[in-house]
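Trainee: Structure below; questions to follow.
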Amino acid sequence: MSTLANPIPNTTVTVVGQNSRKRHYGTHIFLTVMAVMWLIPLAWALFTALRPKADTDKYGYFSFGGTFNFDNFLTAWTQGGFSKYLFNSLIITVPAVLGTLLFASMMAFAVSRVSWKFNITLLIMFTAGNLLPPQVLAAPLFEMFKHLSLPYSFSDSGNLLNTYISVIAVDTAFQIGFCTFVLSNYMKALSSDLTEAALVDGAGIWRQYWNIILPLCRPALAALGTLEVIFIYNDFFWPLLFIQSGSRLPITTAINNLQGEFLSNYNLLAAGATITVIPTLIIYLVLQRQFVAGLTLGSSKG
């Protein structure tokens, strides 16, 4: 009897293993196809940026003839003034991302770790704010910033228009809802014994948030920080709406400086677009491990 009983479990394990591998093959094929589809535009832009315009005019864009060099990148960097615009993007992106994560983590702590009457209502309101198209609020925000008087020592326009603060405030406000939703779900997965023990030891709300919960949210904060840098850095609408001075525009608007009045050099535009991608790509590669950890931690918790 013992010799007949052993093959049955082994056969079952083999069949299950084969089925799981088949399912994984389908997933891998799907992910590979999607990755290739996402990489093709970037690879094509890089390929076009490395070719002189004279070669593409002679051989065509769908060809491999001619030379390859970095002249378009150097021309785009100097002609487009990318160094100045990149600094403007840093001025806008860094405070906006830090402010978004700080305020969102505070709100997430209030609605997930503190029991009070309006925590669910506020969470719904913050989440519902993401469903409102930004263009709907463009005119009201512009008029509000226009009529908000400020001293000329603070703003050369006498109001919030043409200032970095207007873009930082709007970017922060529109991103807080998404970050609050993600962080609140992450904080709910943390054991309630942590804050209960701290409360018994006499720790107040601020100490519970800053010294206990916030350090445990580093993977989620790293993942959200990576996403927010990409979102805010690539934002084109709000800076173009609120900032009239060309010297204060972010790098996403610098490509306009590469446009000709009657003719467009698409090789030069491709080089400029590739330059704008490099900072976000570097940040993602540096924070890739924390980004993946922030997305996967807590996925197995019920």
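Trainee: If each of residue 69 and residue 57 carries a label point 7 Å out from its Cα toward its Cβ, how far apart are those two points in nm?
Mentor: 1.6 nm
Trainee: Residue by residue through the stretch 197-205, which ³J(HN,Hα) values in whole Hz follow from phi under the Karplus form 6.51 cos²θ - 1.76 cosθ + 1.60 (θ = phi - 60°), with glycine and proline marked x?
Mentor: Using θ = phi - 60°, the values come out as 5, 5, 5, 5, 6, x, 6, x, 4 Hz.
Trainee: Under the Karplus relation 6.51 cos²θ - 1.76 cosθ + 1.60, θ = phi - 60°, what is the ordered set of whole-Hz ³J(HN,Hα) values for the stretch 277-287, x standing for Gly and Pro?
Mentor: Running phi through 6.51 cos²θ - 1.76 cosθ + 1.60 with θ = phi - 60° gives 7, 4, x, 5, 5, 5, 4, 5, 5, 5, 9 Hz.
Trainee: Over 5 Å intervals from 0, what percent of Cα-Cα pairs in the stretch 84-297 sits in each interval?
Mentor: Taking every Cα pair in the stretch 84-297, the percentages come to 1, 7, 13, 14, 16, 14, 12, 10, 6, 4, 2, 1, 0, 0, 0.
Trainee: Could I have the simple spin-label model distance between residue 188 and residue 31, label points 7 Å from Cα toward Cβ, reported in nm to one decimal?
Mentor: Placing both labels 7 Å along Cα→Cβ, they lie 2.7 nm apart.
Trainee: Suppose accessible area is computed on protein heavy atoms with a 1.4 Å probe; arrange 247, 112 from highest to lowest.
Mentor: Values: 247 60, 112 30 Å².
Correct descending sequence by accessible area is 247, 112.
Trainee: Right, something else. How much length, in nm to one decimal, is gained on full extension between residue 281 and residue 98, taken as 0.36 nm per residue of separation minus their Cα-Cα distance? Walk me through the numbers on the way to the answer.
Mentor: Details: separation 183, 0.36 × 183 = 65.88 nm, distance 1.91 nm.
The residue 281-residue 98 span can extend by a further 64.0 nm.
Trainee: A follow-up question, please. Heavy atoms only, probe 1.4 Å: what % of the accessible area of the stretch 19-125 goes to carbon and sulfur, would you let me know?
Mentor: Details: 5230 of 6980 Å².
With neighbouring chains kept in place, the figure for the stretch 19-125 is 75 percent.
Trainee: Mind checking the full-extension length gain between residue 130 and residue 196? Use 0.36 nm per residue of separation minus the Cα-Cα distance, one decimal, nm.
Mentor: Numbers: separation 66, 0.36 × 66 = 23.76 nm, distance 3.25 nm.
Stretched out fully, the residue 130 to residue 196 stretch lengthens by 20.5 nm.
Trainee: Per residue of the stretch 96-105, what does 6.51 cos²θ - 1.76 cosθ + 1.60 with θ = phi - 60° give for ³J(HN,Hα)? Whole Hz please, x for Gly and Pro, Karplus curve as stated.
Mentor: 5, 5, 5, x, 4, 5, 5, 5, 5, 5
Trainee: Please state the relative contact order of the chain as a whole percent: Cα pairs under 8 Å, 6+ residues apart?
Mentor: On the way: 299 pairs, mean separation 84.7, N = 302.
Computed over the chain, the figure is 28 percent.
Trainee: Order 275, 282 by their accessible area, 1.4 angstrom probe, all chains in place, largest first. Walk me through the numbers before you get to the answer.
Mentor: Details: 275 20, 282 95 Å².
Correct descending sequence by accessible area is 282, 275.
Trainee: With every protein chain present, what is the per residue accessible area of the chain (1.4 Å probe, Å²)?
Mentor: On the way: 18160 Å² over 302 residues.
With all protein chains present, the chain gives 60 Å² per residue.
Trainee: Given H placed 1.01 Å from N in the peptide plane, which residues other than close sequence neighbours of residue 160 have an amide H under 5 Å from its amide H?
Mentor: 148
Trainee: Suppose R0 equals 51 Å. What FRET efficiency, 1/(1 + (r/R0)^6) with r the Cβ-Cβ distance, do residue 207 and residue 78 give to the nearest 0.05?
Mentor: On the way: r = 52 Å, r/R0 = 1.02.
Here the calculated transfer efficiency is 0.45.
Trainee: Right, something else. To the nearest 10 square angstrom, how much accessible area does residue 252 have with a 1.4 angstrom probe?
Mentor: Residue 252 has an accessible surface of roughly 30 Å² with all protein chains in place.
Trainee: Something else about it: Could you sort the peptides 134-142, 155-163 by per-residue average Cβ neighbour count (10 Å cutoff), highest mean leading? Walk me through the numbers before you get to the answer.
Mentor: Values: 134-142: 12.7, 155-163: 16.8.
Put in order of decreasing packing, that is 155-163, 134-142.
Trainee: Moving on to the next point. Going by the alpha-carbon gyration tensor, a ≥ b ≥ c the square roots of its eigenvalues, is the stretch 65-155 rounded (a/c under 1.5) or, if a/c is not under 1.5, prolate (a/b greater than b/c) versus oblate? Working shown, then result.
Mentor: Details: a/c = 2.57, a/b = 1.82, b/c = 1.41.
Because a/c hits 1.5 or more and a/b exceeds b/c, the stretch 65-155 counts as prolate.
Trainee: How would you order 283-291, 198-206 from highest to lowest mean count of nearby Cβ atoms within 10 Å? Mind showing how you got there, number by number?
Mentor: Details: 283-291: 14.3, 198-206: 11.4.
The peptides rank, most packed first, as 283-291, 198-206.
The values are calculated or read from the model by the stated rules, or taken from the named source; none is laboratory data. All figures in this text were calculated on a predicted structure; none of them were measured in a lab. With ideal geometry, Cβ positions are generated from the backbone for all residues, glycine too; neighbour counts draw on all protein chains shown. For accessibility, only protein heavy atoms count, side chains too; no ligands or nucleic acids. Shrake-Rupley method; radii C 1.70, N 1.55, O 1.52, S 1.80 Å.
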